[in-house]
Each structure stands twice: as structure tokens, then as C-alpha cells.
1. Given the condition within 22 Å of residue 161 (Cα to Cα), assigned by TED's automatic domain parsing to the domain that holds residue 170 and outside any helix (DSSP H, G or I), answer yes or no: does some residue in segment 217-227 qualify?
2. Looking at segment 292-322 only, could you name the residues that are without any contact (Cβ under 8 Å) to a residue 60 or more places away in the chain, closer than 28 Å to residue 363 by Cα and touching a strand residue (DSSP E or B) at 6+ places or on another chain (Cβ under 9 Å)?
3. Exactly one of these conditions fails for residue 664: (1) surrounded by fewer than 20 Cβ atoms within 10 Å (Cβ to Cβ); (2) not assigned by TED's automatic domain parsing to the domain that holds residue 777. Give me its number.
4. Mind checking which helices (runs of 4 or more DSSP H) fall wholly inside segment 562-675 and carry at least 3 residues that are closer than 22 Å to residue 529 by Cα?
5. Criterion first (at pLDDT below 90, assigned by TED's automatic domain parsing to the domain that holds residue 523 and under 14 Å from residue 623 (Cα atoms)) does residue 575 satisfy it?
6. Anything in segment 717-737 that is closer than 18 Å to residue 687 by Cβ and modelled with pLDDT under 85? List them, or say none.
7. Which numbered condition trips up residue 596, out of (1) closer than 30 Å to residue 507 by Cβ; (2) at pLDDT 90 or above; (3) buried (at least 18 other Cβ atoms within 10 Å of the Cβ)?
8. Which residues, taken from segment 461-480, are assigned to a helix (DSSP H, G or I) and crowded, with 16+ Cβ neighbours inside 10 Å?
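The values are calculated or read from the model by the stated rules, or taken from the named source; none is laboratory data. Source: prediction; values computed, not measured. Note that we place each Cβ from the backbone using ideal geometry, even for glycine, and neighbour counts take in every protein chain shown.
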């Protein structure tokens, strides 16, 4: 029916309804919602105008009908546009976003112009709403729609990538994710598959319209997006692979390649086609090859040579599909072959398989999935763990890198398998393997948006990984070091605990940089890291060398929290000797001492200061060198001792302060005897220490006994007075018996050694308390220092004037131990053992059982051997005879060692064998054991006291004519040297030597000994 025959009111009613429906439908368009929303708003605004015209009975004029006809046509275009894009593929609409926006803009402007025409035709009727109508038609005619910048960036990036032929999987993943997010599609295979299916239908619709340029572009986009991980339905990929595997079963297991059909080859370049297109003549060739031919001006068929009237290109999809199937069959053959080679266990075959796998991945990204389906990665990972061939390991790591690059599922497969541990282990191998390993690790840590934080956290849990990364960071391979630093910085960013792990591995720069340059909260946090870290010497050394000490000292001048933490860190650092010098050089010792003795310093700070100083003082060799000010001048140690003692004597002294303070006092007192003397005599240190022996804290008791050892050298009487009180001596013996504390035993034994030997009641009380047994046990199992003090303490039990205590200690089997000490390397222990043997041997002449006269004498001589030195029956147990104890050979050996301290005690012990009144037997024993010669040699090398002892022994020896005859000539030469009249000689030694020479001369002229009792 012609429009002129329809009443104008009916036309107006239909148009109003159509405007409303189009406006309503435009709201539902999901893509470019803002553009369609504006169109919908304007259409809703037109509806009241049309209703106003109905109410006012629009004039049925030619102009009105033409205006309505134009408006109706434009509204129909708008409705068609809404219907066109209401259910289209969202991927397609994003790709076409510029065109869609332009379409919506144009139809909106057209409707605006038609509305203006309608307004002009009905000016009087619309006068009441003229302003509203004018505003609306002006807005619609001038409307400008723009695609969002984010959408345009995505489209431009996609176009650029296609121009640059970026078809790798990483780019595909990135583009698919951006497009999906932009159009509101979930990035899961099921949703992506649906959207790509819709996208393919859009391409087919364009192909039906024969818009070939757009078809080619859409094919490129679809091919790219189909490479992305999320675009693949893994079950479909598996199904497709299994189909191909079934197809190659008819081929021999040794077959690795199927030759292409002739139709697969491009007639221009002779290679297998990738994108075959057909010409108008029916000839098929590679798109890129024919396009290049056309660009060169050639317009003939490359096969038939006939001139082409139409240069259009049509995709040959069936041929392309056949070529793809042929390629995929060859992929499956290579995968099958790779599996066999990997299983061979032969390194050359394994490397061939890895090369095949790399080729497969480069040829088509789908092979990443197919290789995974065939479980080749698990075989490769197993070989990585077992192989000792560095070339195989390196190639495996490179192959795995290709396998996981841009592929989320494959990354997860490696990360969740043993491969993760093997890869981390390879970081610690040689530079070639570690470089490949760290490049693979870096790829595993990436996802589409950058760093994969969850995987980074997993790596953080691998302590060895951070250690290896730090080693690589500090290594000589620049590329590995750069990647290692990137990974480490990310690990530090996501977890502050990694700062401490990196520091433990020796990378302190981030931690120290934060302490030096960071804000206060960060600095405190980093110092907390140091405080909470378990640090070994190598860590402490590196921290000191990296420059952390000065910032810590500076922080100690800040807030209470900063003070406590920085001092706690310095406590740790001061445990390493090289750092002690750095602390002293930075003025830290002077600062800490002033802080500690400041009257308003909190107890916890005082305690930390004390701990630092105590560690500085614990270096026995160089400790005094650290107690200097910032200029290197020695601090007043006496005032430190005075102030420290005053703090300890303060009744308000914190309990946790006493331990480090006492250790510090002990350390400083070891510097020099003068400080001990001052502590004892001037500051009354003994009154401080003695009560601490009863403290409930075992560590304080132990420190107190060590201090008491030092103090007892200067005030032994005060110690004796203390020990005579009830239960005090028992406590001291308890220190001797404490398990696993050799330093405590050493100190307790030292206290006993320093006490006067004349205190016989104290000695007997010690025996009653088994103190002597405790000392002997120390000789068996204590440290050498403890043994040395125990030997000194035993002198009180070997006093010849107290035979009872001598017998008790010998019965406790001390003698064999003493003989054993004659062979140790410690000079003090050897000398003291010799002296103790001498003390016991001095009692032997009286304890030796002498034979009686007459029948009994004869009977005695026939049954029991007599002692060659003492003439009676001797034993270790009853007469303490050093010959029976087999000590003589070791005592003689000591003389040959020419050590003054030990030789002196050995001479004294040997002297006990030679009785001044009856020297013959003892002298013979010495001669028979080759002792006379080393005794004579002492006159050449010994000190004056030692020479005096040697001369005293020789005087008794040469009272025997027999000894003169045997050794006189050897002794004469040394004796003459001592009596040679040297003005610098010692007159006492001269006289003694002269006396012995006189004996030698006398016995040389006489045939018998003049001394009684020799015959």
C-alpha cells in the first residue's frame, strides 16, 4: 500500500512504536554500550515529540509526510543496526569497534536531521515544545562517538603484531587475554572456544559477502588467537592428537617423515604451502609468493602463463586443511621417534630427540600440547636428574624452556613435578648449565601479566634456590647475574623474609641499603631481620665488610626501639673477631661504654651494651686493642672496672644484666694482673663475687668461680675464710665435678691451687669431700687448661710433710696419670707432673721396706728383688717409688728437650733418687738410665736456677768414686767452664762447680771412696 493512502495519524502511531522498540533494544547491546546507550536515550527523547504531534492532530501535508517518511527510514536503519550487533561475536565487535562506532554515530546524526525536517514542517504544532525539539535535533546532528582508548590500543597492538608476523604463543596469550577482558569474556577454555566459534561464523558471513580482504584479516586474527593456551580445549586437543596417532600406526616405527603430495607444493617457490590461495584460473599457490609476484608487476598465471584478468585471491581451505593434517602426521611421527630415542639411555640419541622436540615446538605451538600429552617432559625431567653429561643437561634445560615459554599449563606441569627441584639444583652447577637453568627458571616465574607471584612464593620456600641465585649474582657470567638479580629483587619484594635468606647466602646489599637509606620503619624492620637471623661467621664477616656497623651505631643514638634493635644487632656482629676491630674503629666501644654508664639509660639497653663489650673482651689475644676511643687512644680500663663493679653492687641491678656484666668484668680482668689487683684490693671485688657462688642462676655461679680464680691470687686468705664456712667447700668441690664445663673445672681447680698449701685441715676436708678424686678425674678427661690447674691443686695432697694425704692420693691411682703427663705437649702440665712425682718420691726412702740382718736377710734376698735406688722393697702404692712407676725414662727424656721449666722440675724429681749420705745406688740408677749426660749438658744451656739444681744433683752423684770414673771426665769440661774466672760469672755457681771439680780430682787420685757407707 502506498504511503500516501495511509492516514498520517496511523503513520505517526507506527513510527512512535518503532522508535520506542528500537530505543529499548539499543539498551541491550553489550558491546560499545556507551554509543548505543546515547542512541537509545535520543530515541526515547524523540518519543514524546511524536506523541505531541499525535495529540495536536498533525496537518496532513506533503512536507509532513516526507519528513515522517525520512524519519521512519532512519529509525529502521537504527533498528537494523541494533539487531545487527545485538548478538554478534564480541571478539568480532572489538575488532570492528571503529566501524561500529562510526555506524552508530552516522545513524544518530541522520535521525537528528530527519527530526529537524519534521520540526520545520510542523512549527506551529510543536511550538509548545519547540525548545526541547530544537535542542534534541541539534544534539543528534552534532553527536560524536569515540571508541575507548583501551579498545583502540588493543586493536592497534593486534594490527601491528600481525604486520610484524608475531605469531608466537606468548603474543597470542597476551592478545587473547586483553581482548577477552575488554569484552567481558571469562578466560577459560570453554568460554573462549564458544567465542572463537562465533568469531569463525562472523568470518564465514563475511566470506559469503565476498569481502576477501576482511576475510583474510579475520583468518589471521583467528589463527593467532587459536594459538593461545586458553583458546584450546585440552580434551579436544587430546582427541585430535589421538586421531593422528592412530593414523600413523600404519607407518613403520622407524619412519620419521611422510613425503608431501605434489599438490601441497607451491608452483612458484616449490615449498609446501602454508596459506594456499586459488587464482581465477584455478591455479593454487602460496599467498605470500603470489602477492610478491603481483607487486613486481607480473600479472600472469605462474603455472599456465596466461594473463590474469582478475587478480583476486580465494583461500583454498580444503587444501590448507589437508596440508595441516599432513604436517600433524609428521609431528606425531617425530614425537614417536623422540620417545624411542629418549628411552634409549644413549646420550647421542637423547640429544637427537631433544633437537627434534625443539624443531617441533618451533614449527607449531600445538606440539607443546602434544608433547605434553605423550608425557615426554616427564622422561626429559628424569634424565635431567640422572644424567652426568653436562651437554645433555644443558640441552634439556634449553628444550624445557622452549616447551614452557608462554604456555601456562606446561609451566604448571614442570613446577608441580620433580623438574622444579632438578632445575633449582642445576643453578649450582657449572656456568654453562646454570645459565640455561636460570633462563628456564625465569620463564617459569612469568605469567601473562608479568611475575607469577604464587610461583615466586614457591621458589622462596626453597632455601637452596636463594643461595644459588646469590652465587650466580656474584658470579662471572653477566647474563646469569642479571637474571639472578631480577629474580632476587622480586623475591625480596614479595616477602621480606627473603632479605634475610639472601643475607644468609651472602647478599647483604638490599638489607644494608635499607638500613642506610630507608625510612625509620623500614630500617627498624631490616635490623630486626639481622637480629632474628641465624648467622655464622661467614655471614657476620660479610655484613661487617658491607658496611652495616656504622649505620647501626648511628641508629643506637635514636629512639628506644632503634637503640635496642641496633644494639642487639651489634651484639651478634661483635661475635666475629674482624667486626670487633670495625666497631672499635667506628668509635662504637666508647659510645657503648658512655651509653651503658649513663645514669638514665634503661636496663635493657645497659644489658645490650654489656653484651657487646663482653664479646669484645672475650678475645683473649687482642681484646685490649678494641677498648679504644674513636681516635684509637686506649680507654681507662680501671674506671670501666670501677663503674662496672658499682653497677653490679647496685641492689636494683637487673637480673638479666648480671650475666653479661660479670662476663665483661671477667674478660677485662684477664687483660692484665693490675686490673685484677684493683678489682680485689681497691674495689673490694671479692665481696661482690663470693655471694654469687650461692646464686640460683647456674651461669652466674660459674662466672663467679672464674672470677674467684683470678681474685684468689691476690686475696687467698679471704677465700680460705669463706671456704671454712659451712657448705662452702662442698660447693667448690661441686664445681670440680660439674659435667661438660671444663672452663668451670679449670677455675675451681685454680682456686684450690691458689690457696695456701699449709692449710692442712682444708686439705683433709677436701679428701673427706672427695675433692682429690674430682681433681684426678679432671686429669683423666678435662681440658688441658683444667688439667694444668688440677695438677697445681694436687700439690697440697703430695706435700711430703703430710704422708697421709700422699698415700690417699696415690691409692686413688694418680701416679700413672702423672707419668703420662710427662709425655704431653703442655709445658706447665709436664713441669707440674714432674714436680708432683718429685714430692711423692721424696717420701720413698722412709717408706721403702729395708731388709733385716741374718737369716731373714738371706731369705729376703732370695725371694724379693730390692729397689736398685733405695735398697729395699719398693712399690708405687706403698713407697711411691718413681722407678716402680716407670717415670725415670720420661724424666730423662725431659732433660733432653732442653726446656727450662720442665727440666728444673725433672732435676728435682731425679734428685730424690740420690741420697746425700748414700749416693752410690741412686747415682748408678741414673747412670744406667743415661741421665748423667743430659744433667751435665744443663750446665751449658740452663738458666741459673736450673744450673744450681743440676750442680746440686751432680755433687751428690760424684761423691761416688765409681761415678767419677764413669762420668768425671765428661763433667770436668763443663765444670771448668763454670769456674773459668769470668768476671760476669755467678760466684755461687763458680764455688759449687769448683767443689764438684775438687771431688772429681780427689776420687781420681784415690782408689777408694772416702765417703762412709759405700762398702
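1. Within segment 217-227, one or more residues are within 22 Å of residue 161 (Cα to Cα), assigned by TED's automatic domain parsing to the domain that holds residue 170 and outside any helix (DSSP H, G or I).
2. Listed by number, the residues that qualify are 293, 302, 316, 317, 319, 320.
3. If we test residue 664 against (1) surrounded by fewer than 20 Cβ atoms within 10 Å (Cβ to Cβ); (2) not assigned by TED's automatic domain parsing to the domain that holds residue 777, just (1) comes out false.
4. Details: elements: 577-585, 588-596, 603-617, 623-626, 637-649, 655-669.
Answer list for segment 562-675: 577-585, 603-617.
5. Answer is yes for this residue.
6. Initially, segment 717-737 is screened for residues closer than 18 Å to residue 687 by Cβ, giving 717-725, 728, 731-732.
717, 718, 719, 720, 721, 722, 723, 724, 725 - these are the residues of segment 717-737 that are closer than 18 Å to residue 687 by Cβ and modelled with pLDDT under 85.
7. Among (1) closer than 30 Å to residue 507 by Cβ; (2) at pLDDT 90 or above; (3) buried (at least 18 other Cβ atoms within 10 Å of the Cβ), the lone unmet condition for residue 596 is (1).
8. Scanning segment 461-480 gives 465, 466, 467, 468, 469, 470, 471, 472, 473, 480.
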